[in-house]
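Inspection log for the structure reproduced underneath, given as structure tokens.
The values are calculated or read from the model by the stated rules, or taken from the named source; none is laboratory data. Remember, it's a predicted structure, so these values are computed and weren't measured experimentally. No Cβ is skipped: glycine too gets one built from the backbone with ideal geometry, and neighbour counts run over all protein chains shown. What goes into the accessible areas is simple: the full protein's heavy atoms, side chains included, and nothing from ligands, DNA or RNA. Shrake-Rupley method; radii C 1.70, N 1.55, O 1.52, S 1.80 Å.
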Amino acid sequence: MTSLAKGNDLTFSVHGLAVSRGIAIGRAVLVASSRADVAHYFVDADKTDLEITRVRTARNAVVEEITRLQQDLPKDAPHEISALLDVHLMLLQDDQLIGGVKKWITDRRYNAEWALTTQFEAIARQFDDMEDEYLRERKADLEQVVERILRRMKGMASPMQAMQPVAQAGASRKQSQQGLLLDDTVDVPLVLIAHDISPADMLQFKQSLFAGFATDVGGKTSHTAIVARSMDIPAVVGARSASQLIEQDDWVIIDGDAGILIVDPSPIILAEYGFKQRQGELERERLSRLKNTAAITLDNQRIELMANIELPGDTLGAVKAGAVGVGLFRSEFLFMGRAGKLPNEEEQYTAYRQAIEGMQGLPVTIRTVDIGSDKPLDRASDRMEKAQDTHLNPALGLRAIRWSLADPPMFLTQLRAILRAAARGQVNLLVPMLAHLSEIKQTLLLLDRARVQLDNQGIAYGPVRLGAMIEIPAAALTLKMFLKYFDFLSIGTNDLIQYTLAIDRADESVAHLYDPCHPAVLRLIADTIAECNAQGKGVSVCGEMAGDVAMTKLLLGLGLRSFSMHPSQILAVKQQILRADTAKLKPWAELVLGSEDPAAML
Ligand code: PEP
Ligand code: MG
């Protein structure tokens, strides 16, 4: 933490990892990760009283419940139980709790649940700061009391819930800008601050209009960071104690280029960042003119720029950015945040078909489910939860194709849905995290079985090009075997770096060692591209490296002609391509590849 401003001793900065470019300036909304499933939305001005009544009614019901419990205690019950219930009653009736909740509802128009959890966090901080151990421990009691009120409120539908979707605070704000809901008092940009957010919860926030976001934990290529990048808003991860230092409603600048958060900025700093923000907007406007320009290098090489998507709706942005197809549809996002209930064949078929239709005839590469590691199915789901809890190295555990092969009925359901969708347009089927011949053979066997099942039911399906992801060094070192079985390869650099360097991509404490330019990583990438080119097989990079403009020329020099990235990165990469001459880059890339310190040559 560094103090920045002279004359304003409130200003301080927190450093993290730059994840998504740009500057956001707004008021902090703190969301505890454990409560990301609590509804977050704004309520209409004339509905705030109703929200306050909802909390009060729930609180009173809990008071009654505990009072009854206390009255019914057997005479010989230990004294501690009665004392504990006394503490709960006292906390429930403390003015600070409901008074604070009321304030969040009236001042900020938070819905009742959001206001309650926000006030809980504010009081919990005070408990944390207490010297007296007994008082510090009362935080757990407060948490239990708040959980009870939340449970009560679940049974009492808010009149606003029907109107405004969960976790779409920002979306409601858009309505306010159209004059439908809110007045100026709440119409300021909001930035999301959390200790951690799971990729599934992050996806919920994707629909919102948060201006930026920051988390304490996470690496640059953690899946939470990847979803944030796809939202195309300034973001910083690995900011260590940001969620402890920043308070609800603080003004925060998120500098997504430098990876810095500035809290309570002085007017001079605000003006400086306001200027930077406008410069960034101008740059984006300039880039947008490249949308319809073909991605062709100075020496006439046509480069394929495709999109990475998480949900079918993302195809809108992909087409808008001029993508020539989807190079990676991370299908696991259809599986997450559903309390372990997996999408059935129909549901998946509909989603894949929507993506195909969204791309208007361009190819769509659907990757089979990559659940596991930092992408658990759900906090509450049984199998993954256990796997996450009991296995110390989830990145090395039951993940991606290993998970699919461990559950053939689930995998067959997905394969049938993809094959059926392939009857509606060009589909490439991509398999993540393969390493073994046995895994390849089992996958192919199940694919055949899925076709037979569809034949038996008389259901139409289409042809697919079959691809494997190269994400494990073992795969990159056995390319010839892979190319015997697959039509194309897609290099998942996020995992290839993780597994080559033994660096957990989601762990900010080793983020400084996560090096895309390590000679070993570059060697594996170069060999994969060269082998595919030599055999006339398709090869692309779909990891975050593909969207990093600092890497574009090197990848072109290594012979890569197909890139897949978030739509928001396409135009900046295209600009690099238009200025590149691959004939000149080739010998230079050889030199980089042979260097001890490739990063110094970029
Ligand atoms: C990768 O590993 O590079 C990749 C694209 O897959 P994911 O980021 O989803 O693991
Ligand atoms: Mg991967």
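If the condition is being part of a helix (DSSP H, G or I), of a type in the set (Lys, Arg) and either assigned by TED's automatic domain parsing to the domain that holds Val541 or open to solvent by 40 Å² or more (accessible area, probe 1.4 Å) (or both), then region 554-596 contributes Lys584, Lys586.
Just to be sure, is Ala423 more than 22 Å from His566 (Cα to Cα), open to solvent by 10 Å² or more (accessible area, probe 1.4 Å) and outside any helix (DSSP H, G or I)?
No.
For region 101-119, residues that are in a helix (DSSP H, G or I) and either hydroxyl-bearing (Ser, Thr, Tyr) or open to solvent by 10 Å² or more (accessible area, probe 1.4 Å) (or both) total 10. Among the residues examined, Asp389 does not qualify as modelled with pLDDT under 95, at negative phi and within 16 Å of ligand 1 (Cβ to nearest atom). All conditions but one from (1) of a type outside the set (Ser, Thr, Tyr); (2) free of Cβ contacts under 8 Å to residues at least 40 places away in the same chain; (3) over 25 Å from Gln354 (Cα atoms) apply to Asp448; the one that does not is (3). Against the numbered list (1) within 16 Å of ligand 1 (Cβ to nearest atom); (2) within 21 Å of His223 (Cα to Cα), Leu489 comes up short only at (2).
Quick one: would you say Val464 is open to solvent by less than 20 Å² (accessible area, probe 1.4 Å) and in the same structural domain as Glu310 (by TED's automatic domain parsing)?
Spelling it out, it is not the case that Val464 is open to solvent by less than 20 Å² (accessible area, probe 1.4 Å) and in the same structural domain as Glu310 (by TED's automatic domain parsing).
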